[in-house]
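Shown next, in structure tokens, is the structure this report addresses.
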Amino acid sequence: MRLADIGANLTHAAFRDDLGEVLERARGAGVATIVVTGTTVEDSRRAMQLAQAHPGLLHATAGVHPHHARECGPDTIPALRALAGQPGVVALGECGLDFNRNYSPHPDQEKWFLAQLELACELGKPLFLHSRDAHPRFAEILRAHRDRLPQAVAHCFTGERDELRAYLELGLYVGITGWICDERRGKHLLGLVREIPCDRLLLETDAPYLTPRDLHPQPKARRNEPAFLPHILRRVAQALGRPAEEVAADTAGNARTLFGL
Ligand SMILES: [Zn+2]
């Protein structure tokens, strides 16, 4: 099996002491491709450095998460533009809207989402999108750009049917995390995942976050890591009623197509 984890926050402090072992375990578990998520300019730079230190296995995105929108300024877009041209950087993002925690005011979130969206349209660079509790505003903004929109993924999809349909209608890929393993809040995804065409489905851990709740025993400090991707794969394959090997091959192929790997 050669799996692709399209979203892992490997620059997170949780991986500072043992990243080498984490990558070894990922390889051992069949995870052959990992896209390291950039969430601020500085963090995106570190993600790029990681990708360049582990060519083939690691790739990076460059962007500013909506939580950090309030920290953006006149240097942000030039910095992301420069990063987007560097080896190992395969997408812009993560960017989008997060109306769940509201760490940044909505006007700031929209302003910097738009700016990154415009940059991706201009460069024709794939987009790694984050949307939480921001439906339908998020899709509205994308729709206004639809004729120029590059290939894009709505990562960590946790929404409901109308939101999923809006994304598919926009031609987006959809990233499924271990949220689908959560019997309290992710149950609806077991049905919804069947509505995602097999050429639009992607898998991700969002490590170190979103450790699958049905993983036993739970890892130390409940830290999620790319080696747990096969666990998510099995749950998704079960929901689809398809062999895990097939879903692994489809989703890894989709990751290669989306990010041009
Ligand atoms: Zn996200």
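When region 81-108 is filtered for residues that are in a helix (DSSP H, G or I) and β-branched (Val, Ile, Thr), nothing remains. Given the conditions (1) farther than 24 Å from Glu204 by Cβ; (2) touching a residue at least 40 places away in the same chain (Cβ under 8 Å), report the number of the one that Ala79 does not fulfil. Against the list (1) farther than 24 Å from Glu204 by Cβ; (2) touching a residue at least 40 places away in the same chain (Cβ under 8 Å), Ala79 comes up short only on (2).
Out of Pro212, Pro230, which single residue is on the phi < 0 side of the Ramachandran plot, surrounded by 21 or more Cβ atoms within 10 Å (Cβ to Cβ) and of a type outside the set (Asp, Glu)? Answer to the check: Pro212. Would you call Asp18 surrounded by 20 or more Cβ atoms within 10 Å (Cβ to Cβ) and of a type outside the set (Val, Ile, Thr)? So Asp18 fails the test. Against the criterion of being over 12 Å from Leu92 (Cα atoms), within 16 Å of the ligand (Cβ to nearest atom) and assigned to a loop (DSSP other than H, G, I, E, B), Thr11 qualifies.
One residue stands out in region 126-136 among those that are open to solvent by 40 Å² or more (accessible area, probe 1.4 Å) and under 16 Å from Val153 (Cα atoms): the one that is farthest from the ligand (Cβ to nearest atom), namely His135. When Leu168, Leu149 are checked against the criterion of being in contact with a strand residue (DSSP E or B) (Cβ under 9 Å, 6 or more places away or on another chain) and assigned to a helix (DSSP H, G or I), Leu168 stands alone in meeting it. In region 232-261, the residues that are over 26 Å from Val90 (Cα atoms) form Cβ pairs under 7 Å with partners that are part of a loop (DSSP other than H, G, I, E, B), at six or more places apart or across chains, as follows: Ala237/Pro243. Cβ separations smaller than 9 Å between residues 6+ apart or across chains give the following pairs from region 137-160 residues that are within 27 Å of Ala4 (Cα to Cα) and of a type in the set (Phe, Trp, Tyr) to residues that are assigned to a helix (DSSP H, G or I) and within 13 Å of the ligand (Cβ to nearest atom): Phe138/Phe113; Phe157/Trp179. Asp199 - would you say it is in a loop (DSSP other than H, G, I, E, B), modelled with pLDDT of 95 or more, out of contact with any Lys or Arg (no Cβ under 6 Å at 6 or more places or on another chain) and surrounded by fewer than 17 Cβ atoms within 10 Å (Cβ to Cβ)? So Asp199 fits the description; yes. Can you say whether Gly85 is over 28 Å from Glu118 (Cβ atoms) and over 16 Å from the mean Cα position of the chain (by Cα), as far as the supplied structure shows? Considered against the rule, which asks whether it is over 28 Å from Glu118 (Cβ atoms) and over 16 Å from the mean Cα position of the chain (by Cα), Gly85 comes out as no.
Quick one: how many residues across region 70-93 are within 16 Å of the ligand (Cβ to nearest atom) and out of contact with any helix residue (DSSP H, G or I) (no Cβ under 8 Å at 6 or more places or on another chain)? Here the count works out to 0. Checked across region 248-259, the condition of being out of contact with any Pro (no Cβ under 8 Å at 6 or more places or on another chain) and modelled with pLDDT under 95 holds for no residue.
Scanning region 20-69 for residues that are assigned to a loop (DSSP other than H, G, I, E, B), within 15 Å of the ligand (Cβ to nearest atom) and touching a residue at least 60 places away in the same chain (Cβ under 8 Å) yields a total of 3.
Matching residues to (1) touching a helix residue (DSSP H, G or I) at 6+ places or on another chain (Cβ under 6 Å); (2) in a loop (DSSP other than H, G, I, E, B):
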residue: Glu110; (1), (2): no, no
residue: Leu114; (1), (2): no, no
residue: Lys125; (1), (2): yes, yes
residue: Phe128; (1), (2): no, no
residue: Ser131; (1), (2): yes, no
residue: Ala134; (1), (2): no, yes
residue: Phe157; (1), (2): no, yes
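Entry remark, region 94-125: residues being on the phi > 0 side of the Ramachandran plot and more than 13 Å from the ligand (Cβ to nearest atom) number 2 in total. With respect to being assigned to a loop (DSSP other than H, G, I, E, B), open to solvent by less than 30 Å² (accessible area, probe 1.4 Å) and either touching a Lys or Arg at 6+ places or on another chain (Cβ under 6 Å) or within 29 Å of Gly124 (Cα to Cα) (or both), Thr251 falls outside the description.
The values are calculated or read from the model by the stated rules, or taken from the named source; none is laboratory data. Treat the numbers as computed from the prediction; the structure is a model and nothing was measured. For neighbour counting, all protein chains shown are included, and Cβ atoms are generated from backbone atoms with ideal geometry for every residue, glycine included. For the accessible areas, the whole protein counts, side chains as well, though only heavy atoms, and no ligand, DNA or RNA atoms are used. Shrake-Rupley method; radii C 1.70, N 1.55, O 1.52, S 1.80 Å.
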